[in-house]
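To start, the structure under review is shown below, and the notes come after it.
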């Protein structure tokens, strides 16, 4: 397949989580990028996949309908294990790394329904409720600290309605409904990506491409440093070897006064370069005439050995 379907899973146990109005931004994105979305029953997904994995006999009920799509695609067999739970497909040529944040940023506010499991803590902050004093008994039954002020009920301190993992009861659902609260956000998350028989799992599609590029660049720098230290010339170290060689030649040229074109093109500080000092060859100092050797004088021993 030339398209790349991303498999998505709902983060909600509520069947009514999708709202077309709330998905307007996501819909506009799809219209620009020409993808398509498919959500349905898993049994139907698996049945369709089974008809496309292997060639169908002429007697098959779907043979005439499917033959126009060409030969069977064996690689689709890897998708069977991905069809589990509440999943859907998005068919697109857009890279999954670009599509994933757009899909997952779109959340739908929903009320707390009886029997649903709270994905987060639900806390009602202190403040006016907008309800008249006639409903005060309802708050007292739930042991919510309240007071009457300016003709309406006010909650005096934070009240925890639900904790994460707790099932929503009838009283909690009614309370949140009376207060006009929609505490839960539901949306979709990308679980995996299929491309020509290969499947990227959730961890792989969550990788940030900028992080991959940064790590690759860091590793190239490490290889370059090791290669330079050991005198190895390769694709990673060659630019540095050439740069260091040029610096050495430029230093010699500047020191000796031999300015070649590459030094001028590199904007090296030619004018500020020290000019090689002329070596003066001074005549050797005349050597002082050697002293004439004085003749040895005979020492008179006074006829001691006569």
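Return yes or no: is residue 143 in contact (Cβ under 8 Å) with a residue 40 or more places away in the chain and outside any strand (DSSP E or B)?
no
Within segment 94-102, is there a residue that is modelled with pLDDT of 90 or more, surrounded by fewer than 18 Cβ atoms within 10 Å (Cβ to Cβ) and in a loop (DSSP other than H, G, I, E, B)? Quick ask: steps written out before the conclusion?
Within segment 94-102, the first condition is being modelled with pLDDT of 90 or more, and the residues that meet it are none.
No, because not a single residue in segment 94-102 is modelled with pLDDT of 90 or more, surrounded by fewer than 18 Cβ atoms within 10 Å (Cβ to Cβ) and in a loop (DSSP other than H, G, I, E, B).
A search for C-beta distances below 6 Å between a residue of segment 256-273 that is surrounded by 12 or more Cβ atoms within 10 Å (Cβ to Cβ) and any residue that is in a loop (DSSP other than H, G, I, E, B) and modelled with pLDDT of 70 or more, counting only pairs 6+ apart in sequence or on different chains, returns 270/259. Before we move on, is residue 233 part of a loop (DSSP other than H, G, I, E, B), surrounded by 10 or more Cβ atoms within 10 Å (Cβ to Cβ) and modelled with pLDDT of 85 or more? Criteria met by residue 233.
Of the residues making up segment 17-27, at least one is part of a helix (DSSP H, G or I), at pLDDT below 80 and either over 35 Å from the mean Cα position of the chain (by Cα) or surrounded by 12 or more Cβ atoms within 10 Å (Cβ to Cβ) (or both).
The values are calculated or read from the model by the stated rules, or taken from the named source; none is laboratory data. All of these numbers come straight from a predicted model, not from anything done at the bench. With ideal geometry, Cβ positions are generated from the backbone for all residues, glycine too; neighbour counts draw on all protein chains shown.
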